[in-house]
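Enquirer: Quick one: this structure, given as structure tokens, is what I'll be asking you about.
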Amino acid sequence: MPDIRALLLDVEGTTTPLDFVTRVLFPDARAHVRDFLGRRAGETPVQADLALLRSEHEADARGGQSPPPWPDGPGQARLEGAVAYVHWLMDRDRKSTGLKSLQGKVWEEGYRAGRLRGQVYADVPRAFARWRAHGRDVAIFSSGSVLAQKLIFSRSDAGDLSPWIRAYFDTTTGPKRESESYRKIAAALGLDPAAVLFLSDVAAELDAAREATMATALCVREGPTPPASHPVIRSFDEAGLEPPA
């Protein structure tokens, strides 16, 4: 693919082991969100997250989803309501912008305290270096917040990988299963979508990127190869990229 000018990468299951997200990050956010909100709920960025979550809670209630109660007014009851709703969203793996933003802030404390360290597959650092040496940009697109993405790569078990990454995108750009999100990302990178290769472990995301005319490949890190309508790789070493023409 000599015409590819940028790599757009999913995180969970693509650059980073799924177990790190499900068994480390998510439990950490669940365990620490109550204490975090108790100390920092009055800060403007956290209040913005809570406002997004409260709006989503109201929409869930109107839609008959039966979320846990979230009382109005200040005090412990309101705090517990927010915590219960955060846990409720996490149980449903909701790709909520407010939730993901709040989780990123909780994890930021965890990284700084030393209880968290990002994980990447062994081929990721050398692939980043190889792609950039060939003049290609590297960008990330994840349902996790931009802050959460930056923390994984800047504080990873392979060192600080952030110098290799040009841009980060999250659900504030748009849903990962809608083609318009990929058009926006290509525009932000200053590229035609066809000059971008998107790597993900989720076929529905790849379908959306392909609809936007991006090149695609399904990244299968573990287990048998599923039926796929996209090229399949098991390592970034198999991405099939030659130096640009």
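Enquirer: For the list (1) modelled with pLDDT of 95 or more; (2) loosely packed, with under 13 Cβ neighbours inside 10 Å; (3) polar (S, T, N, Q), I need the number of the one condition that Ser229 fails.
Expert: Unmet condition: (1).
Enquirer: When only residues in segment 184-234 that are under 19 Å from the mean Cα position of the chain (by Cα) and hydroxyl-bearing (Ser, Thr, Tyr) count, which is farthest from Thr173 (Cα to Cα)?
Expert: Step by step, filter segment 184-234, then rank; the result is Thr216.
Enquirer: Right, something else. Say we look at segment 64-118 and pick out the residues that are more than 17 Å from the chain's Cα centre (by Cα) and among the basic types (Lys, Arg); which of these is farthest from Gly13 (Cα to Cα)?
Expert: Checked segment 64-118; the qualifying residue farthest from Gly13 (Cα to Cα) is Arg78.
Enquirer: Let me ask you something else. Is segment 109-123 home to any residue that is aliphatic (A, V, I, L, M) and surrounded by fewer than 19 Cβ atoms within 10 Å (Cβ to Cβ)?
Expert: Looking through segment 109-123, at least one residue is aliphatic (A, V, I, L, M) and surrounded by fewer than 19 Cβ atoms within 10 Å (Cβ to Cβ).
Enquirer: Hey, could you check segment 148-163 for residues that are buried (at least 18 other Cβ atoms within 10 Å of the Cβ) and hydrophobic (A, V, I, L, M, F, W, C) and say which is farthest from the chain's Cα centre (by Cα)?
Expert: Among them, the one singled out is Leu161.
Enquirer: Here's another thing I want to ask about it. Consider segment 119-132. How many of its residues are of a type in the set (A, V, I, L, M) and within 18 Å of the chain's Cα centre (by Cα)? Quick ask: steps written out before the conclusion?
Expert: So in segment 119-132, the residues of a type in the set (A, V, I, L, M) come out as 120, 122, 124, 127, 129.
Within this subset, residues satisfying the condition of being within 18 Å of the chain's Cα centre (by Cα) are 120, 124.
So the count comes out to 2.
Enquirer: Just a yes or no: is a residue in segment 221-236 in contact with a Phe, Trp or Tyr (Cβ under 8 Å, 6 or more places away or on another chain) and over 17 Å from Tyr121 (Cβ atoms)?
Expert: no
Enquirer: Output the strands (runs of 3 or more DSSP E) that fall wholly within segment 156-245 and possess 1 or more residues being more than 25 Å from Ser101 (Cβ to Cβ) and touching a residue at least 60 places away in the same chain (Cβ under 8 Å), or say none.
Expert: Passing ranges, in order: 196-200, 215-219.
Enquirer: Just for segment 83-92: of the residues that are in contact with a helix residue (DSSP H, G or I) (Cβ under 9 Å, 6 or more places away or on another chain) and free of Cβ contacts under 8 Å to residues at least 60 places away in the same chain, which one is surrounded by the most Cβ atoms within 10 Å (Cβ to Cβ)? Working first, answer last.
Expert: Filtering segment 83-92 down to residues in contact with a helix residue (DSSP H, G or I) (Cβ under 9 Å, 6 or more places away or on another chain) leaves 83, 85-90.
After this cut, where a residue has to be free of Cβ contacts under 8 Å to residues at least 60 places away in the same chain as well, the list is 83, 85-89.
On the way: Val83: 19, Tyr85: 23, Val86: 26, His87: 15, Trp88: 18, Leu89: 22.
Once the filter is applied, the top-ranked residue is Val86.
Enquirer: Taking the condition basic (Lys, Arg), modelled with pLDDT under 95 and not in a strand (DSSP E or B), does Arg34 pass?
Expert: Values: basic (Lys, Arg): yes; modelled with pLDDT under 95: no; not in a strand (DSSP E or B): yes.
So Arg34 fails the test.
Enquirer: Out of segment 106-124, which residues are more than 10 Å from Ser156 (Cα to Cα), touching a residue at least 12 places away in the same chain (Cβ under 8 Å) and of a type in the set (Lys, Arg)?
Expert: Result: Arg115, single match.
Enquirer: On to the next question. Residues Lys95, Lys105: which one is surrounded by 12 or more Cβ atoms within 10 Å (Cβ to Cβ), assigned to a helix (DSSP H, G or I) and outside the structural domain of Cys219 (by TED's automatic domain parsing)? Can you show your working first?
Expert: Details: Lys95 fails: assigned to a helix (DSSP H, G or I).
None of the other options fit; the residue is Lys105.
The values are calculated or read from the model by the stated rules, or taken from the named source; none is laboratory data. A quick note: this is a predicted structure, and the numbers were derived from the prediction, not measured. Please note: Cβ atoms are built from the backbone with ideal geometry, for glycine as well, and neighbour counts cover all protein chains shown.
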